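Just so it is clear, none of the values below were taken in a lab; they were calculated from the coordinates. Here the structure is a predicted model, which is why all the values come from computation and not from measurement. Glycine also receives a Cβ, built like all others from the backbone with ideal geometry; neighbour counts cover every protein chain displayed.
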Amino acid sequence: MKTPMNRHFTPTMADWKPDSWRAFPARQLPSYADAAALADVEARLASARPVVKIHGIEALARDLGGVAKGNNFLLQGGDCAENFDDAVADRVSRLAGLFDDMAAMIEDSDGRDVVRVARIAGQFAKPRSAPTETRGSVELPAYRGDIINGQGFSAATRAHDPQRMIRAHVQSVGTAATLKAARDGLAPIYTSHEALLLPYEEALTRKGEDGRWWATSGHLLWLGDRTRQLDGAHVAYLSGIANPVGIKCGPSIETDEMTALIDRLDPEARAGKLVLIVRLGADQIEAYLPRLLKAARGRDLVWIVDPMHGNTEKVGTRKLRRYDAVLAEARAFFRILREHGLVPGGVHLEMSPDPVTECLGGGGPAEVADLDRAYRTACDPRLNGDQALRFTKDLMATS
Ligand code: PEP
Ligand code: MN
């Protein structure tokens, strides 16, 4: 589908503002009942401390430029969703340990330096496939992540509360500071999250000394698979920021849609600006990926695989992912990229350093019944620490 909209609104236009997205249709945003309370929160966030510094974002952009040139390997991962009751200091050090163990394996067998990007310090908002959840005869708004509402199944908890943005910001600032301190003298771990909750993103957008606009809520922001409409608010927002931007590419993406997104989000064609995050599913990657790669030929892009989101099944009310499907999609991705003369840029995983039992196989739970032991995710199933290490080893053995 072609829309005439791009003629009226391009990122190079001097009139882009952090609130320009408001003129475009937005999917997946909460509906706040109290407009005054929302405005108050937005005003407070607009003068609040940035979660990350601009020079850190620039450093990531340089490192990603190295991925685009084939010198670095991007390892992006973490929880599907962070939670307000997370034990931040403990989580940061355990996740950093997992990153380092995985990176050591990758550097040993692949030779490229690993760029570490966590889903952390802002990964609080979730897109949902259904707006409501029904239990018995009760229907309530779906849980949309702690920055929007709570998991508890009551009308009060599921109400969309703008004050939650303040709490998410405070936790994100604390998490980012803890992460930075933990990496003092080591290679950095950058932060990333889905740019879903636009009022929050807008309020944390700042103009740099260079006159460009920067999202200071995280180093890398990505466009979710459900909110990548070319004429939509999320694309409008992301088209104006100088940060590196990820684009989730699910099976519904058309080749001309993908190339239009690339042009729109990176009109200057800078190596390392865009990260194409392929999440097609083990069964579909063979059929879909080659034409996406061909359509984007000639562009300096970072291509990575998210082998989690295209391989989600349902058992009862729970989501399930199988280790074998996750590994199969990642292996296919590495092979197909090479067949096309491209360098596979890395991987994007939902993973936890903890011994959670959320994905089947790979040394973890063998049967569906075993998932009960430690199924703790607030949203999607994560590889546990052992599964993530096994995945790295298995992938490196074949790539
Ligand atoms: C996610 O990364 O948690 C997510 C919702 O991904 P996608 O937009 O690819 O479905
Ligand atoms: Mn997820």
For the chain, what is the charge dipole size about the Cα centre, in debye to the nearest 20, if Lys and Arg each add +1 at the Cβ and Asp and Glu each add -1 at the Cβ? 580 debye
Cleavage-rule hits, trypsin sites (Lys or Arg not before Pro), region 58-124, DSSP coil, Cβ neighbours within 10 Å at most 13: K69
Sorted by number, the cysteines in the chain with no other cysteine beta-carbon under 4.7 Å are C249, C359
For T357, what residues show an amide H to amide H distance below 5 Å, using hydrogens built from the backbone and excluding near sequence neighbours? A374, Y375, R376
Rel. contact order, % - alpha carbon contacts under 8 angstrom, at least six apart, the chain: 20 percent
If you keep only loop residues by DSSP, which GluC sites (Glu not before Pro) in region 302-399 have at most 16 other Cβ atoms within 10 Å of their Cβ? E367
Projected onto the charge dipole of the chain (+1 at Lys/Arg Cβ, -1 at Asp/Glu Cβ, origin at the Cα centre), which of G218, P244, A332 gives the Cα projection farthest towards the positive end? P244
The answer for the net charge of residues other than D101 whose Cβ lies under 12 angstrom from its Cβ, with Lys and Arg +1 and Asp and Glu -1, is 0
Where does the charge balance sit around M396 when Lys and Arg score +1, Asp and Glu -1, over other residues with C-beta under 13 Å from its C-beta? -1
Restricting to DSSP H runs of at least four residues, report the calculated mean residue ellipticity at 222 nm for the chain, -39500 (n - 2.57) per run over all residues, nearest 500 deg cm²/dmol. -11000 deg cm²/dmol
per DSSP, antiparallel bridges as share of beta bridges in the chain, % nearest 5, sits at 25 percent
Is the chain best put as rounded, prolate or oblate by its Cα gyration tensor, with a ≥ b ≥ c the root eigenvalues, rounded for a/c under 1.5, and otherwise prolate when a/b is larger than b/c, oblate when not? rounded
Along the positive direction of the dipole of region 82-213 (beta-carbon charges: Lys, Arg +1; Asp, Glu -1; about the Cα centre), which of G185, V170, A203 reaches farthest? A203
Any residue on another chain or 5+ positions along whose placed amide H is under 5 Å from the amide H of N83 is listed here as none
